[in-house]
Amino acid sequence: MLMTTMTFDNTVFETLHRTEAWKYTNVSALSKIDFADGIGIDADEIQSFDLASNNPFVVFVNGVFNGEASRLVDGIEISSTNNNSLASRSDSMIPRGDSDSLTISGSHEKTIHVLQLITGSSPVACFGNVCIHAGEGEKVSIAETHVALGDQDHLFMPCTQVIAEKNSSVTLVRAIRGSKQAYHLGSLHVEQHESSIVQTHTITLGGKRTRNEVYAYLDGINCESNFDGMYMLGRDQFVDNHLRVEHNEPGGNSREFYKGVLDENAKSVFTGRIYVKQDAQQTDAKQTNQNILLSDDAEATARPQLEIYADDVKCTHGATTGEIDDEALLYLRSRAIPADSARTMLIFAFLNESLVELADDEFRAVLVDELLGNLPGGDFIQKLYV
Amino acid sequence: MTPLLEIKNLHVCVEGNKILKGVNLTIQKGEVHSIMGPNGSGKSTLACVLAGHDAYEVTQGEVLFNGIDLLELDADQRACAGIFLAFQYPVEIPGVSTKFFLKAAVNAIRKYRGQEELDAMDFLDLIEEKAASVKLNVELLDRNVNEGFSGGEKKRAEIFQMAMLDPTLCVLDETDSGLDIDALRIVADGVNELRNPERGFIIITHYQRLLNHIVPDFVHVLLDGAIARTGGSELAHELEEKGYQAFEPCGSGC
């Protein structure tokens, strides 16, 4: 097992919310917490997160690689050096630091499952560094699960960098699950080259305060990029999905499609910036944020930001905030389905549109389970899947 | 004998507008009643109030279903108790698969009745049996609820659901609207197959033609929120000949 020592200055969080990019996201509480290094945990606790025993599985506990629980294949490397050159291209203010780092290269037939566990009896802060390099024509799919265990104010700062060379295809799913007390401040940096295809899904179910940043640079012609997300939040939970997609070359086709359900006093923020450079003609960029609010205290904020310098482009953006369709609710209830189960069915239907796109069956099944576990009347629906 | 349904002096408002102004109706088990009336007479309002739609406010009157106060029950409780409404415009529900939804419905009712819930195999058998009665293609059931269904398919699907849920009171709200001759016949056959001494039907319609196929025991003419006239199935023919206006108070049909 590789060991790393961490130095981490948390004073930066004190005034972050005074900057424009963080104005809706106050994480100043983090500056007052004494964070510790984490410790290892038992293999049994890891077991329940091993979703697909035939797939490569890379496990990190508190930023430290756990070889015993992992299953590596060629093209997966662990090291203690971190190269953040792509991440430096962004203006992200999430601290970056050292951890055992994961590099994935080459084509892989099976989805590579990455588990990042954060745990400790007092608040732990750690980083997670992942680099994915898909060479020309290569194809890879990664499913990251980020889970904080227990009810401490843990802080996880993952940084994943993706370089997709010409004609390559990268699919990346990140699911934030587990403790609703933890902070997840994560970034995803994507550099695309000619005719590459990148698909990301960011799914937020856990965490007290989560910020998911996506920075994408379409540096080649005819790139295809789908940055999708989904969130289901309850009491005191907050998510800030912050995206910046840069069209630097012509012919790019991008989409930002985030949808979520907010219950009780949950809040979400969606900032979607699309930047189209002057020469990036024939760009087609779409941005959508759809929210369902289940209570009067829930709040969704959408900030579309379009910065367009080319003149032959298509850019659309839309945001909706609504309630559950009453007519559909009545229809289900008129067929004997109790009110809360009917409501859950409709919420689930709304969110499932995101999940259904996930090709990895086991991963999707686990997320569906967790989603239904969090919804009232959800167990009624869980049984129907059997 | 306790009537299956008793509506007594029912007054209903929606958004402050009075729609039903003292409806009286009694239905015994095994009977088929037709309610006919022009647009705006309150036919759909009556159907929705029976189903338990929240938007409709009952300002006066009583509805008893097998002797129990129906208005005290929520929509899903009424369905469990045995009421089924075949909607005039069945809503599309993206993301909710029909099979999934039906299984939830069937088992909710079975649970309420103290019956064992159906497992996957038995459920599929039941689907095939009931789908055949309205010539419904079972592949449609893999789709989301009513999504992409043609008008005729939606109406047949309502009757199929009715067959699946085994209700004691079936309310059909303008099931014939938008149907061609063949579809009408299929729907009528499906309904007729469900007629039995334990079950009652309320067939709401504008036009007489459906009633050639589903011959009612009683026909009621609903005008301006109240029943103006009641008769046997020949009343439907009379309406067809004379029109609704003839049945207005002081009209020649009174």
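Read the figures in this text as sums done on the coordinates, not as results from a lab. Values in this document were obtained by computation on a predicted structure and should not be read as measured data. Every residue, glycine among them, receives a Cβ derived from its backbone with ideal geometry; neighbour counts consider all protein chains shown.
Summary of values
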read-out	value
Beta bridge orientation in the protein assembly as shown: antiparallel %, DSSP, nearest 5	20
Choice from A:Ser122, A:Ser28, A:Ser53 showing the highest fluctuation, given a GNM over chain A with Cα pairs closer than 10 Å	A:Ser53
Chain B, relative contact order in percent, only Cα pairs under 8 angstrom and at least six apart counted	27
Chain A: relative contact order in percent, alpha carbon pairs under 8 Å with at least 6 residues between	9
Gap separating the Cα centres of the range A:319-386 and the range B:201-254, nearest whole Å	43
Counting DSSP beta bridges with both ends in chain B, the antiparallel % (nearest 5)	60
CD proxy at 222 nm, helix term only [per DSSP H run n ≥ 4: -39500 (n - 2.57); per residue of the protein assembly as shown; nearest 500]	-6500 deg cm²/dmol
Under 23 Å from the Cα of A:Lys139 - lysines, other chains or at least 8 residues apart	A:Lys110, A:Lys166
Kirkwood hydrodynamic radius (C-alpha pairs) into Stokes-Einstein, chain A, 37 °C and 0.692 mPa s, D in µm²/s	155
Cα-based convex hull volume of chain B per residue, rounded to whole Å³	126
Assigned charges on the beta-carbon of Lys, Arg, Asp, Glu; the range B:26-165 dipole about Cα centre (debye)	380
Cα gyration tensor, the range A:303-386 - rounded (a/c under 1.5), prolate or oblate	oblate
Within the range A:162-251, chymotrypsin sites (Phe, Trp or Tyr not before Pro) in DSSP loop having at most 11 other beta-carbon neighbours inside 10 Å	none
Per-residue mean of C-beta atoms belonging to partner chains within 10 Å, peptide B:102-109	5
Highest-fluctuation residue, B:Asp224, B:Asp166, B:Asp74 considered, GNM on chain B with Cα pairs under 10 Å	B:Asp74
Under 27 Å from A:Lys267, Cα to Cα: lysines that are on another chain or at least 8 residues apart	A:Lys23, A:Lys32, A:Lys180, A:Lys208, A:Lys259, A:Lys286
Tensor-based shape of the range A:20-148 (alpha-carbon gyration tensor, a/c under 1.5 rounded, otherwise prolate or oblate)	oblate
Test item: A:192-198 mean partner chain Cβ contacts at 10 Å	0
Relative contact order (%) - criterion: Cα under 8 Å, at least six apart; region: the range A:127-271	20
Residue of B:Asp54, B:Asp69, B:Asp122 that the Gaussian network model of chain B assigns the largest fluctuation, springs spanning Cα pairs under 10 Å	B:Asp122
